[in-house]
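These notes concern the structure reproduced below.
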Amino acid sequence: MKAHDLFDVSGKVIMVTGAASGIGRQIASTMADNGALVVLADVDEVGLGIATAELAANGGRVESCRIDLADAAGLVAAVEAVAARQGRLDVMFANAGVSAGPGYGTAIGQIDALDPEAWEKSTRINLKGAVFTLKAAAGVMKRQRGGSIVVTTSTAALSTSPLPGYAYFAAKAGLAHVLRVAANELAEFNVRINGIAPGAFPTNMAGGRLKEGEAAAKFAALAPMQRLGRMHEISGVALLLASDASSYMTGTNIPVDGGVAAAS
Ligand SMILES: NC(=O)c1ccc[n+]([C@@H]2O[C@H](COP(=O)([O-])OP(=O)(O)OC[C@H]3O[C@@H](n4cnc5c(N)ncnc54)[C@H](O)[C@@H]3O)[C@@H](O)[C@H]2O)c1
């Protein structure tokens, strides 16, 4: 079998949340480069416009859709609208997320300094928002009896370290567990649910502190490979999980992390 056929996503209708920036944008451009119809979704309308225009200028079949993970009803309506417009939804990348401040390596991230607002935000976006994205996609995919949902979790779901905040660990660990439960429920509908668990990648997360400087160096040092991920290194697993190459995979959460999960 040829790799080109095995990992084919051409013609698939693929929605990516958090597509205005970072990992979501990388996934969206990988899918568009490989012939999918990509719906870029994000709360950041300016970033969304720029990302969509860039992908279109590269020859991608793309459209954009403003969503806010904090608005569960709006999210479901947006996903239903995509399915109605395009006739189906083959793949949902439930990727959007936010940082929840530093971890216990910094005084303000220690457990006795836990901030209820940061906790609420991470739970609302990283857990509830991602789970409702899953719910919205599952509604469409159950009806059409097929689809792939790919959730961006984190090595924070698989390992511990002093760097990310408690609220982030809690939300991502919860999300990683929910995806396993949903994978069980939806298997009979031929809907697969898997996770990508990135280590540190140089995105706009945490105010861009993962891009360079002290914080980036600390995250790099957590990885046995002693470096951050490079953006293109997320593309392979995204193509695997979006395509029929993963047709017998569900309920997995795959680290792309330079070995962080293995070391923890
Ligand atoms: N960068 C990393 O090191 C890293 C590591 C592990 C996991 N992750 C996860 O990867 C995913 C993508 O993050 P990233 O690193 O690309 O960060 P990023 O900040 O570059 O991109 C996140 C995107 O999500 C969007 N977003 C935030 N809140 C939203 C909301 N309420 N509704 C809709 N969109 C919203 C932002 O506007 C942004 O475009 C997140 O789930 C994050 O937790 C990132």
Name the trypsin sites (Lys or Arg not before Pro) in the stretch 102-170 that are in a loop by DSSP and that have at most 16 other C-beta atoms within 10 Å, would you? Arg145
Mind listing which trypsin sites (Lys or Arg not before Pro) in the stretch 180-264 are in a DSSP loop and have 12 or fewer other Cβ atoms within 10 Å? Arg230
Residues whose built amide H sits under 5 Å from the amide H of Val43, excluding neighbours closer than 5 in sequence, are Gly18, Ile67
For Ile149, the residues 5 or more places away or on another chain with a placed amide H closer than 5 Å to its own amide H are Met92, Arg192, Ile193, Asn194
Stokes-Einstein diffusion coefficient for the stretch 124-183 at 37 °C in a medium of 0.692 mPa s, Rh from the Kirkwood formula over Cα pairs: what value in µm²/s? 268
In Å², what does the accessible area per residue of the chain work out to with a 1.4 Å probe? 45
Residue-wise, which Karplus ³J(HN,Hα) couplings in Hz belong to the stretch 71-84, taking 6.51 cos²θ - 1.76 cosθ + 1.60, θ = phi - 60°, and x for glycine or proline? 10, 4, 5, x, 5, 4, 4, 5, 5, 4, 5, 4, 5, 5
Within 10 Å of each candidate Cβ there may be at most 14 other Cβ atoms; applying that plus a DSSP loop requirement, which GluC sites (Glu not before Pro) in the stretch 175-262 survive? Glu212
Could you pull the Cα extents of the chain along its three principal axes, largest to smallest, in whole Å? 51, 38, 37
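The values are calculated or read from the model by the stated rules, or taken from the named source; none is laboratory data. Keep in mind it's a predicted model, so treat the numbers as computed, not measured. Here Cβ is always computed from backbone atoms with ideal geometry, including for glycine, and neighbour counts include all displayed protein chains. We work out accessible area using only protein heavy atoms, side chains counted, and drop any ligands, DNA or RNA first. Shrake-Rupley method; radii C 1.70, N 1.55, O 1.52, S 1.80 Å.
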